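Below is one structure, written out as structure tokens; the observations come after it.
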Amino acid sequence: MENFTLYNPTKLFFGKDVAEKLGKTVRPLGKKALFIYGEGSIKKTGIYDQVTRQLNSAGIDFVEYPGIRPNPIIEDVDAAAELGRKENIDFIIAVGGGSVIDSAKFISIAIPYGGPVWDLVTDKVKPTRNIPIVAVLTLAATGTEMNRFAVVQNNITREKLGYGNPLLYPRYSFLDPQYTITVPKNYTAYGIADLIAHCFEAFFGKGKASLSDRFVYAIIKEAMEYGPALLNDLRDLELRSGIMYVATNALNNLTLYGRVSGDWGAHSIGHVLSVLYNVPHGASLSIVYPAWLKLQRNRIPERIAELGQNLFNVTRVDETIAETEAFFTVIGCPSRLSDIGISPNQKQTIFRTMVDNEVNGNNHKLSHDDYRELIDLFM
Ligand code: NZQ
Ligand code: ZN
């Protein structure tokens, strides 16, 4: 086991009606907020009204930046940061899924920096300060509500980059599973695929940490138990609660303590598919992960079999991979690019973008020949 520091400053409120505490909780953060959200789901679901009521009752003035897209883009982050700077806001309130909360994280360091967010994402500039973030999560998937990571897309350079910094932890996160009841079937499934992929990234990362491995098994087993049941009854609050809590724990560091790092190779390939074809993040992973496991089957057979034994009670590598792929199919996620209408004539474009993005894992390095094999496997 490696040395580690256990640090997570996010205060997370979980359960039915927790947002009723929002106004009182955020009042000490200041008088003016930047309120950011996505393309309209929070207005249809009534969450917008609940949040604004809380802000009004606490006497907080706010300016809005709506329209954050799935797979968020730097143009929105820069424009929202500009608005926040101009309005001299004290904190950011982000209401939505990972795309909205990740955007808030970048805005929070971009406002004090004063320049383009891409300078920060590409490490040209180190952030030194942040604006506090309050997250209200409406979709269970990414774990962003309790971690220090964020991901943003640059459509000009065709890069989607992840970024990590302790300044990005939300100050407060509100997780009411009732808010996720309206998430459609496809995004509910993508969220489950994403959280499982986060556990895989930890499990195939660098360094040995047996308790962290056991957290991985427990989280995936919960997801595999609740996931299919939830997809049969999207309005079941108990199942929504279960999935929401496992998704948070799949990427709040619990599965990483004691390791050198996670792998993240499959995620970096998934990001290429999102930047090229706007594939939803979880769907990119249900396509990439089985292929990645097949690529690794003769390189790390024991590690894959260990996973199979603990998750599916199977001992053979091929069975483990087949069970994983079958699970993604059962919950309705795509397992090939052709399932989402992307044709084999895109192979060279995907390869070139993987090269340009220097796609790789921290633990399991990928060569250009591996890229070609992976593309053939997931095409
Ligand atoms: O935009 P609106 O109208 O809100 O609709 C969204 C969006 O269309 C909709 N939605 C969200 N909550 C809803 C809802 N629809 C109905 N009812 C609700 N309650 O769902 C769609 C997808 O939202 P999005 O935020 O894009 O999904 P997700 O939470 O999966 O976030 C994906 C983003 O997070 C990044 C991904 O790369 C991607 O950009 N990730 C962030 C990570 C992190 N910060 O730690 C780790 C992950 O690996 C991931 O890379
Ligand atoms: Zn992910």
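The values are calculated or read from the model by the stated rules, or taken from the named source; none is laboratory data. Keep in mind that what you see is a predicted model, and the values were worked out from it rather than measured. Positions of Cβ are generated from backbone atoms using ideal geometry, with glycine treated the same way; all protein chains shown enter the neighbour counts. The accessibility values were calculated without ligands, DNA or RNA, using every heavy atom of the protein model including side chains. Shrake-Rupley method; radii C 1.70, N 1.55, O 1.52, S 1.80 Å.
What to note about this one:
- So SER99, is it of a type in the set (Gly, Ala, Ser), outside any loop (DSSP other than H, G, I, E, B) and over 20 Å from ILE181 (Cβ atoms): no
- Failed criterion for TYR217 (all others in (1) surrounded by 21 or more Cβ atoms within 10 Å (Cβ to Cβ); (2) away from ligand 2 (no atom under 14 Å from the Cβ); (3) aromatic (Phe, Trp, Tyr) hold): (1)
- Residue match in segment 190-212 (condition: within 16 Å of ligand 1 (Cβ to nearest atom), under 23 Å from PRO334 (Cα atoms) and not in a helix (DSSP H, G or I)): yes
- Pair list, Cβ under 8 Å, 6 or more apart: segment 69-85 residue in a helix (DSSP H, G or I), other residue open to solvent by 60 Å² or more (accessible area, probe 1.4 Å) and away from ligand 1 (no atom under 16 Å from the Cβ): ILE74/PRO116; ASP78/PRO116
- Looking only at segment 289-334, residues that are open to solvent by 70 Å² or more (accessible area, probe 1.4 Å), under 23 Å from SER212 (Cβ atoms) and within 24 Å of the chain's Cα centre (by Cα) come to 1 in all.
- Considering segment 358-378, the residues that are outside any helix (DSSP H, G or I) and open to solvent by less than 30 Å² (accessible area, probe 1.4 Å) include one that is nearest to ILE269 (Cα to Cα), namely VAL359.
- When segment 43-56 is limited to residues that are surrounded by fewer than 17 Cβ atoms within 10 Å (Cβ to Cβ), within 25 Å of the chain's Cα centre (by Cα) and without any contact (Cβ under 8 Å) to a residue 40 or more places away in the chain, the one that is farthest from ligand 1 (Cβ to nearest atom) turns out to be GLY46.
- Subset of segment 80-99 that is open to solvent by 10 Å² or more (accessible area, probe 1.4 Å) and among the aliphatic types (A, V, I, L, M) - its residue that is farthest from ligand 1 (Cβ to nearest atom): ILE89
- Of the criteria (1) surrounded by fewer than 24 Cβ atoms within 10 Å (Cβ to Cβ); (2) touching a Cys at 6+ places or on another chain (Cβ under 7 Å), which one ALA283 fails: (1)
- A count restricted to segment 234-246 and to residues that are among the small types (Gly, Ala, Ser) and in contact (Cβ under 8 Å) with a residue 40 or more places away in the chain stands at 1.
- Any hit, segment 345-352, residues being in the same structural domain as ILE192 (by TED's automatic domain parsing), not in a helix (DSSP H, G or I) and not β-branched (Val, Ile, Thr): no
- Residue that is open to solvent by less than 10 Å² (accessible area, probe 1.4 Å) and in contact (Cβ under 8 Å) with a residue 24 or more places away in the chain, where the choices are LEU211, LEU175, LEU231: LEU175
- Test: residue in segment 183-201 that is within 16 Å of ligand 2 (Cβ to nearest atom), open to solvent by less than 20 Å² (accessible area, probe 1.4 Å) and among the acidic types (Asp, Glu): yes
- Filtered residue count, segment 268-278, keeping only those that are open to solvent by less than 10 Å² (accessible area, probe 1.4 Å) and near ligand 1 (Cβ under 10 Å from one of its atoms): 2
- Residue in segment 135-156 that is over 19 Å from GLY38 (Cβ atoms), within 15 Å of ligand 2 (Cβ to nearest atom) and part of a helix (DSSP H, G or I) present: yes
- A single member of GLY40, GLY59 is open to solvent by 10 Å² or more (accessible area, probe 1.4 Å) and either near ligand 1 (Cβ under 10 Å from one of its atoms) or among the hydroxyl-bearing types (Ser, Thr, Tyr) (or both), and it is GLY40.
- Scanning segment 106-155 for residues that are open to solvent by 20 Å² or more (accessible area, probe 1.4 Å), under 18 Å from the mean Cα position of the chain (by Cα) and not hydroxyl-bearing (Ser, Thr, Tyr) yields LEU139, MET146, ARG148, PHE149, VAL151.
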